[in-house]
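Values in this text are rule-based calculations from the coordinates and carry no lab data. Being a predicted model, the structure only gives us computed values, none of them experimental. Don't worry about glycine lacking a Cβ; one is built from the backbone with ideal geometry, like all the others, and counts go over all protein chains shown.
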Amino acid sequence: MANPVQDQFDLRAAATIKQLQSFIHAQTSNPSMESDCSFFAVPKTVKQLLDLLAEHPDARLVAGSTDLALETTQQLRNLPKLIHTAKVAELRRIEEQDDQVIIGAAVTYSEAEPILVKHFPAIQGLLHRLGSLQVRNQGTLGGNIANASPIGDMPPVLLALNARLILRSHKGVRELPIDQFFTAYRQTALNPGECIESIILPKPSVNSFLRIYKLSKRLDDDISAVCAAIHLTLKDDRVLSARLGFGGMAATPARALQAENALIGKPLTEAGIAEAQEALAQDFSPLSDVRASATYRLLSAKNLLLRAVLEYTATQSLEVMHYAHLD
């Protein structure tokens, strides 16, 4: 029997992958490899990263490639210049301080999960629905922020938690509240030659209340129709402060500022949130698309506020733990 013909594409791809793997793990002072038509770099320090960005301003940063790779596989775009961030030491740190947590931009979801869940237990349910295990093992918080998708899972949460971003370039370091980072659809406040170095999360106060909800057609590994993060500070069951982060409701991840103002000073009851529910229509004018209609999105956002109230006043969890299935 004749030997089967080997696929030449598979042979070339296997050789290229082996070469890239060897280069990524190699202990060398040269962080880049280049051919006539492509450029790939693996900096080990933030200085090397910034030098490469200055030298190759048209290069794309890539961490886990869980989103960027779709530009090749689905949109058939060529990505000739890539700078891989996963080996940059300064972007890989996780640090806990007295009043805040610092997570490097190249830390994966799986790596960040223990410290996030420790201080923000409500995040655990969202993380377990964020992509698949493989995605969580590769995807990074920094990448999820920098791609500025209006339906990214983590930005609404970071907005609600009042996260701050440390941005670094050759010009220096600056700190930016995350609610000033998203400027338009898929656009950010990053300057040329600048990168996200880390994310700072203030630790919650003892009287804070956090709920995170994701609505999607599938329970697991699906894109949000609506993602809501509701973070309140309470005293005597009245709202002292409120931060509501939403995804899927606008061209960018965004806070519901009108609804936040309507909550402050009110009791966390069904009647107390009625004004805030109506204010959501002033905050957002969502679009209809294949995932959900505008009407569904706005009504769902209102209902998620109500769900947060019911969970605050309930004596037991309202979460559905058992799902219908066919034997």
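Run through the range 205-287 and list the GluC sites (Glu not before Pro) located in a DSSP loop whose Cβ has at most 13 other Cβ atoms within 10 Å.
Counting only loop positions with at most 13 other Cβ atoms within 10 Å, the GluC sites (Glu not before Pro) in the range 205-287 are 270.
For the range 140-177, run through the trypsin sites (Lys or Arg not before Pro) and keep only the ones in DSSP coil with at most 15 other Cβ atoms within 10 Å of their Cβ.
Filter output for the range 140-177: 171.
Show me the trypsin sites (Lys or Arg not before Pro) within the range 56-87 that DSSP assigns to loop and that have at most 13 other Cβ atoms within 10 Å of their Cβ.
Filter output for the range 56-87: 77.
Strictly over 32 Å apart at the Cα level, which of 171/203; 47/217; 87/171; 118/266 would you flag in this model?
Cα-Cα > 32 Å for 47/217; rest within.
Give the Rg (one decimal place) followed by the Dmax (whole number) of the range 90-202, computed from C-alpha coordinates and expressed in Å.
Looking at the range 90-202, its Cα Rg and Dmax stand at 13.3, 39 Å.
Rg to Rh ratio, the range 208-313, alpha-carbon atoms and Kirkwood radius?
We get a ratio of 0.96 for the range 208-313.
Could you order peptides 176-185, 225-234 by the average number of other Cβ atoms within 10 Å of their residues, highest first?
225-234, 176-185
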